[in-house]
Structures are given as structure tokens and as C-alpha cells.
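S.K.: The structure that follows is given in the form of C-alpha cells.
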Amino acid sequence: MDRKEDATLAFCLYRYFPYGGLQRDMLRIALACQQRGYRIAVYATAWEGDVPPGFELHRHRPAGLTNHGRMRRFHQWLTEQLDRQSVACIVGFNKMPGLDVYFAADGCLKARAVEERSPFYRWLPRYRQYQAFEEAVFGSESHTQILMLSAIQQALYVRHYGTPEQRIHFLPPNVAKDRVAGPDAPQVRRAFREETRLQDNDRLLVQVGSGFRTKGLDRSLRALASLPDSLRTRTHLYVVGDDDNRRYLRLLRRLGIAGHVTFLGARDDVPRILIGADLLIHPARHENTGTVLVEALACGLPAIATAVCGYAHYIERAHAGWVIPEPFDQHLFNRQLREALENDRLQELGRRGIAFAQTEDLHGMVDAAVKTIEELASVRDGR
């Protein structure tokens, strides 16, 4: 007997906002579970935007002087709520104790602390709390099933926590079908460039993602400023993402490129921008996946990304761009950007990306995640 209509799935995250990658993935997975017949209850400190019909939204904004203190109190409240509720599966999108399933959208905190920070950092209360939450998910004694997105991060978690391989379920990327270039892509590109008054020999760079420091926006601005005058005068950068841009406005003014950079904020028409651009740049400092990298491939846009990005290997496999090795070298990135913009084969590289996207599974993440959640819910329900 199918009892999905009686089963509730608890989706837990710290904060929902419409343009976050983790948040978009959560919503897609929750909606897919709802379509399979489950009731969806979401627990968060805040929700921005519309709540999908049928979702039960539970919000709790705890008081506190520090963010980690507030999240500790949120988890205490969440535990109390779930103790009183009958749920088939607890699915977390931030690391916290008590999860049945964790969607591993964030990188390994302990790895960064050990490999990049001073020993003093590991004594800070913020780190100690979040590392304890991380160990509750990835520790060898945990029972949480992990939906893993990045082979790079999987290796780090196994190294630092001894996470059993049988608890790790690797997911393919999640390129939405509306983010794939269609047969009208040439017309879309031409219309976009006409609207933005770009000439045939102009070069449009695009960088996508909120969290400008993490995504390496300062690195992109310095690389743009390093271009020779003849190339820089016809090169423009569009920055798509929701973040405070004040420090970057000061930086681009110091670099003398104020007229070459436009901050677009969060946008719903990212595929159109990718189709209209000449090159995606993504010199991230930390990036668990980098979904925009595979979205660029599907839109026929070559890309430059750092090797820390979990999806950077797709660029190499598609032969549709360049990957900057670690440790990051600004001069190398500057040189690669110049060579890419002077490359008369950019459109050919873009076609390679489209061909790769047509043969690889770049869309199956939601279905694979739902399958794992459903299997665990069935086990918990005794079926």
C-alpha cells in the first residue's frame, strides 16, 4: 500500500532566498518529492520570496549576539519540533546533528581549517561549533546518508572524518532544462548584444554567483585591469549575483576600470546572459561544485575556472575552456584571460561545450536525490 500521502519529509536549512544555489536545489528536490506524493515541511530561520503551495513553513529566528550562537539555538528549536512531529525523513541542506540525509552543498570546513588557517582559528567558538555539526554528519559513527556533489570534497571528508563510502551517494549535476541553449541561440545572442550595444569585436565577460569574495571577484577585476589597452578598451564584465559590492566598486575605481564593469544583481535571465557573452570567468577561492560552469557549457560559453571548483573537470573533459591550477597564481590567471580573449576559436570551444552537454548526464541530480530520500523514507516507515 502506498502511504506517501501520509508521510511528511522535513527539509531543514538555515535560510532560504531565491537566488542561492543551495536554496534552488533544495526547492527543486522538495517540489519533486511533493510531486511523488509526500507532504513537505520546511524548517528555517528565514524565507524570502513565495512559499510553494502545499508547503508547511516553520520559521524560527532565535536571538543572539553571534551567528553561530543563533544557529545553535535554531538547531535546539528544530530538535524539539521534530521530536514532536512524525516525519518519514529529515533532510538537511546545512550541516547539523540529527539528519537522516544531508545534501553536501558546502565544502569541508575542517579541511580548510587544517590546511589554510592558523591553529588559533581552530580554538574559536564559531569554528568549534560548526566543526562539531560537520562531524555529526560525516563522522565515522554517524548514520547520516550523504548526497555528495563533488569528488574533490568527498576525498576531503573521507580523509578528515573517515566517512564510510557506503554512506555516500554521488549525484550528477543539476542543469535545469531552461538553462540549455536551444536552436534559437544565435538569434538570442544577436538580440542580447544589440540591446547591450556590443560590437562584433567587443568581448563580454560574465561572472555569476553570490558571495563575491568566495567567487574571486577581486581576482577577476585585477585580471581585467591587467589587459593591454587595445584589448581592455573593448572588454566588459557583467557581474551577476546578490552581494554587497561597495568594496569592489572602490577596487575597480582604483584599478581604473570603472567603465568596464556592470553589477547586474540577481537575475532570472542568466541563460540569456550566458548565450550573449564571450567567456565565463570563475576564479573561485572555494567552490563545492560551481553549477554555473556546466550551465555555461550547455549554453555554448567557454569558461575559465580554478581547480578548486568541483565541476571544473567538466570544462577539461569537454575541452571547452581552461582550468587554473592550485595554488592560485594571479599572474597566470591574467595571462590566461588575455590569451582566451585573443583566441579566435572561442566559438568553436563553445560548440564543444554544447556537444558535451548533449551526451553527458548534466540534469539528473534531482531524480537521484529523490530516489535516495525515498528509499530511506521507506526503510524508516517499515516498508
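Any read-out appearing in this document is the output of simple, stated calculations on the displayed coordinates, not a laboratory observation. Fair warning: this is a prediction, and the values are worked out from it, not measured in the lab. Ideal geometry is used to build each Cβ from the backbone, glycine not excepted, and the neighbour counts take in all protein chains shown.
S.K.: How are the alpha carbon pair distances in the range 177-359 distributed across 10 Å bins from zero to the largest one, expressed in percent?
M.R.: The calculated distribution, bin by bin, is 10, 41, 40, 9, 0.
S.K.: Shifting gears a bit: Where does helix 185-195 land angle-wise versus the long Cα axis of the chain, in degrees 0 to 90, nearest 10?
M.R.: 70 degrees
S.K.: For a quick protection proxy, order the peptides 98-105, 85-92 by their average other-Cβ count within 10 Å, most packed first.
M.R.: The densest-packed peptide leads the list: 98-105, 85-92.
S.K.: Summing -39500 (n - 2.57) over the DSSP H runs of n ≥ 4 in the chain and dividing by its residue number, what mean residue ellipticity at 222 nm do you reach, to the nearest 500 deg cm²/dmol?
M.R.: The helix-only estimate for the chain comes to -13000 deg cm²/dmol at 222 nm.
S.K.: Report the residue, chosen from P283, P183, P125, that carries the largest GNM mean-square fluctuation when the chain is represented by alpha-carbon nodes joined by springs under 10 Å.
M.R.: The residue with the greatest mean-square fluctuation here is P183.
S.K.: What is the angle, in °, between the Cα long axis of helix 151-161 and the longest principal axis of the Cα atoms in the chain? Nearest 10 is fine, range 0 to 90.
M.R.: Around 40 degrees separate the two axes.
S.K.: Let me understand the range 304-383 better: what is its radius of gyration from the alpha carbons, and its Dmax, in angstrom?
M.R.: For the range 304-383, the Cα-based Rg and Dmax read 18.9, 62 Å.
S.K.: Looking at the chain as a GNM with Cα springs under 10 Å, which of R15, R267, R84 has the largest mean-square fluctuation?
M.R.: R84
S.K.: With axes computed from alpha carbons, what is the tilt in degrees of helix 365-380 against the longest principal axis of the chain, rounded to the nearest 10 within 0 to 90?
M.R.: The two axes meet at around 10 degrees.
S.K.: If we restrict to alpha carbons, what Rg and Dmax does the chain come to, in Å?
M.R.: 21.8, 70
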